[in-house]
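Chemist: A single structure is presented below for examination.
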Amino acid sequence: QVQLAESGGGLVQAGGSLSLSCAVSGGIVSGSRVGWFRQAPEKEREFVAVMTWNGGSKVYADSVKGRFNIARGNARTAYLQMTSLKPEDTAVYYCAFDRSLILWKTEDKYEYWGQGTQVTVSS
């Protein structure tokens, strides 16, 4: 059974940076993809970024392109490096995982989810 655990959220001023991590336990990670989604208050959860687990292919939402970077750390940890943060980036950020190399942007294509970590950007 695959389990995901996010960490690294917090409070940051606009223009600042944060790095979120997603630790994957259980299951095989090769041949898989890992994505990040976020949900702001009173809004639907939205796609942020996705990559193949080997880091070879990446896709970003237009709203974060050029500011966020999805990357792999050690064998079972993925990161979302966020820079030039804006108040509109405030949300609960979720890590998602699935055993496929298709870089889906829709949440229904992901079987495994973390519990979420809060990111708050003050103006």
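Chemist: Pick out the one residue from GLN1, GLN13 that is farther than 17 Å from TYR93 by Cβ and at pLDDT 95 or above. Can you show your working first?
Modeler: Working: GLN1 fails: at pLDDT 95 or above.
Result: GLN13 is the single residue among GLN1, GLN13 that is farther than 17 Å from TYR93 by Cβ and at pLDDT 95 or above.
Chemist: Okay, moving on. Can you pull out the residues in region 1-11 that are under 12 Å from VAL119 (Cβ atoms) and open to solvent by less than 20 Å² (accessible area, probe 1.4 Å)?
Modeler: First pass over region 1-11, keeping only residues under 12 Å from VAL119 (Cβ atoms): 6-11.
Residue satisfying the conditions is GLU6 alone.
Chemist: Considering only residues that are among the polar types (S, T, N, Q) and open to solvent by 60 Å² or more (accessible area, probe 1.4 Å), which ones fall in region 20-59?
Modeler: SER30, GLN39, ASN54
Chemist: Just to be sure before I move on: is ALA91 open to solvent by 20 Å² or more (accessible area, probe 1.4 Å), among the aliphatic types (A, V, I, L, M) and touching an Asp or Glu at 6+ places or on another chain (Cβ under 9 Å) in the structure I sent?
Modeler: Numbers: open to solvent by 20 Å² or more (accessible area, probe 1.4 Å): no; among the aliphatic types (A, V, I, L, M): yes; touching an Asp or Glu at 6+ places or on another chain (Cβ under 9 Å): yes.
No; evaluated as a whole, the condition is false for this residue.
The values are calculated or read from the model by the stated rules, or taken from the named source; none is laboratory data. Bear in mind the structure is a predicted one, so any value in this text is a computation, not a measurement. FYI the Cβ positions are ideal-geometry reconstructions off the backbone, even for glycines, and counts take in every protein chain you see. Protein only, heavy atoms only, side chains kept; ligands, DNA and RNA dropped before computing areas. Shrake-Rupley method; radii C 1.70, N 1.55, O 1.52, S 1.80 Å.
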